[in-house]
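Down below is the structure, laid out as structure tokens.
Derivation of every value follows stated rules applied to the coordinates shown; laboratory data play no part. These figures come from a predicted structure and were not determined experimentally. Here Cβ is always computed from backbone atoms with ideal geometry, including for glycine, and neighbour counts include all displayed protein chains.
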Amino acid sequence: MNPIEGIKAISKILKLILSVLVVLIVFVFMLQFNPEAFQSKKVDPANWKPRSVLTDLEGESQAPLIKFGHELIIKTPQFIGPMSADERKRLAGNNLTCQNCHLEAGTKPGAGSFVGVFNRFPQFRGRENIIGTLEERINGCMQRSMNGDTLPEISLEMKAIIAYIKWVSEDVPEEKVDIYKGFVKVELPDVKADLLIGKSVYEKTCVSCHGPDGQGVRLSENSLYQYPPLWGSDTFNDGAGMHRIITAAEFIKGNMPYLQATWDNPVLSDDEAYHVAAYINSFDRPEKTNKELDFPDKKLKPVSTPYGPWADTFSAEQHKYGPFQPIMAYYEKEFGMKKSK
């Protein structure tokens with residue numbers, strides 16, 4: 001190495017050292033005057049609550065996208081459903097909103113909450129028999145609960161929904177994670193669901209909101225439902241998870257009557273939730289095409305899936321209305337699989 005190259009090399013080293021010193025000085029300065037900036041957030045589980053777009057968006061770099069995602073959740077038909085001004089975006093086939101199932105914009109425990117969901121994907125999905133993405137899971141809802149078509153994964157709407165779910169999944173205390181997973185559990189009666197009992201429960205606790213014909217309540221055909229329909233042409237199709245009695249019973253127990261029941265203080269008993277779920281799902285609703293392709297491994301099919309084929313010889317009626325314990329016992333004996341739904 002000649003002297004000139006040596007001087008250049010030393011110069012580069014000195015510049016690098018100087019840059020490191022500047023960074024260290026800035027770090028020490030900030031640590032002295034703003035130590036909180038370098039401390040991890042301490043979340044008190046007792047005082048924690050899910051994020052709200054009304055109070056917690058300040059300073060978020062993706063605030064507009066998160067807010068749009070929230071709008072899509074609570075006003076779904078107006079953006080990507082039958083009410084959309086853009087015909088190309090009328091992908092949802094009914095006038096339900098996402099929060100008709102994912103209550104309080106996906107922040108209510110025991111109601112299919114979005115809180116923590118982002119952190120659980122990718123995950124295995126038995127219905128498709130693959131490791132699926134969150135986008136694919138959302139499109140499962142679009143095709144079943146919303147009785148429509150898939151939302152393009154590169155669309156602004158999909159990105160907004162993902163941004164919102166990611167945002168409400170951040171900084172959730174470990175102690176709260178399980179509370180927001182799925183629905184509450186129901187101790188299943190060891191009998192076939194009784195539609196007469198279900199009708200009685202419906203008339204006592206559900207009819208005032210959802211109507212005697214299950215068609216829900218809204219002011220006009222151009223407005224959102226105040227209370228959603230439970231059967232008929234404008235609700236989830238027969239391929240949706242809510243069409244399975246056990247899933248519907250769990251949702252009902254933890255959330256209905258609305259504004260009265262909570263996951264930890266239900267109003268209906270396990271038996272009442274079971275029978276009324278069967279009554280609601282005894283009526284006609286839209287049909288999902290190609291349902292026979294669901295669950296390529298038929299052993300993974302929930303026992304309360306009301307459409308075949310199955311990996312057993314129990315009747316379609318028993319798969320729909322129970323009793324489910326004999327089916328569960330069969331799968332445990334034959335395949336070593338303990339099923340709860």
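Key figures for this structure:
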item: Along principal axes, Cα extents of segment 161-244, largest first, whole Å; result: 44, 44, 25
item: Size of electric dipole in segment 63-180: Cβ of Lys, Arg +1 and of Asp, Glu -1, about Cα centre, debye, nearest 20; result: 260 debye
item: Assigned charges on the beta-carbon of Lys, Arg, Asp, Glu; segment 112-237 dipole about Cα centre (debye); result: 140 debye
item: For peptides 97-109, 196-208, sequence by mean Cβ density within 10 Å, most packed first; result: 97-109, 196-208
item: Net dipole in debye of the chain [+1 Lys, Arg Cβ; -1 Asp, Glu Cβ; about Cα centre; nearest 20]; result: 740 debye
item: Neighbourhood charge, 12 Å Cβ-Cβ cut-off, centred on LYS341 and excluding it, Lys, Arg +1 and Asp, Glu -1; result: +4
item: Residues with amide H under 5 Å from that of GLY132, placed H, sequence gap 5 or more; result: GLN123, PHE124, ARG125
item: Cα-based reach from LYS176 at 18 Å (exclusive), listing lysines while leaving out same-chain residues under 8 positions away; result: LYS41, LYS42, LYS49, LYS108, LYS166, LYS185
item: Angle in degrees between helix 270-280 and the longest Cα principal axis of the chain, rounded to the nearest 10; result: 80 degrees
item: Degrees between helix 134-143 axis and first principal axis of the chain (Cα, 0 to 90, nearest 10); result: 30 degrees
item: Rg and Dmax [Cα atoms of segment 195-335; Å; Rg one decimal, Dmax integer]; result: 16.1, 53
item: Most fluctuating residue given options TYR279, TYR227, TYR330, as computed from a GNM of the chain linking Cα atoms under 10 Å; result: TYR330
item: Built amide H within the under 5 Å cut-off of TYR227, gap 5+; result: VAL217
item: Per residue Cα convex hull volume in Å³ - calculated over the chain; result: 212 Å³
item: Rough spin-label spacing in nm, given labels placed 7 Å along Cα→Cβ, for GLU128 and SER61; result: 2.8 nm
item: Over segment 63-180 - Rg/Rh using Cα atoms and the Kirkwood inverse-distance radius; result: 0.96
item: Euclidean distance of C-alpha centroids, segment 203-249 and segment 83-122, integer Å; result: 16 Å
item: Relative contact order %, segment 195-335, counting alpha carbon pairs below 8 Å whose residues are six or more apart; result: 22 percent
item: In Å, descending, principal axis extents of the Cα set of segment 273-341; result: 34, 29, 17
item: Zone residues, segment 158-181, relative to GLU104, backbone N less than 18 Å from point 7 Å out along Cα-to-Cβ; result: 165-181
item: Relative contact order computed over segment 176-260 (Cα-Cα under 8 Å; 6+ residues apart), in percent; result: 28 percent
item: Coarse-grained scattering of segment 89-145 at q = 0.16, 0.17, 0.19, 0.29 Å⁻¹, given as base-10 log I(q)/I(0) from a Debye sum over alpha-carbon atoms; result: -0.56, -0.63, -0.78, -1.20
item: Theoretical gain in end-to-end length, SER282 to VAL217 [0.36 nm per residue, Cα-Cα removed]; result: 21.4 nm
item: Rounded tilt (10° steps) of 325-335 against the dominant C-alpha axis of the chain; result: 60 degrees
item: Where labels lie 7 Å past Cα in the beta-carbon direction, separation of TYR227 and LYS176 in nm; result: 3.0 nm
item: Relative contact order [Cα under 8 Å, 6+ residues apart], the chain, whole percent; result: 16 percent
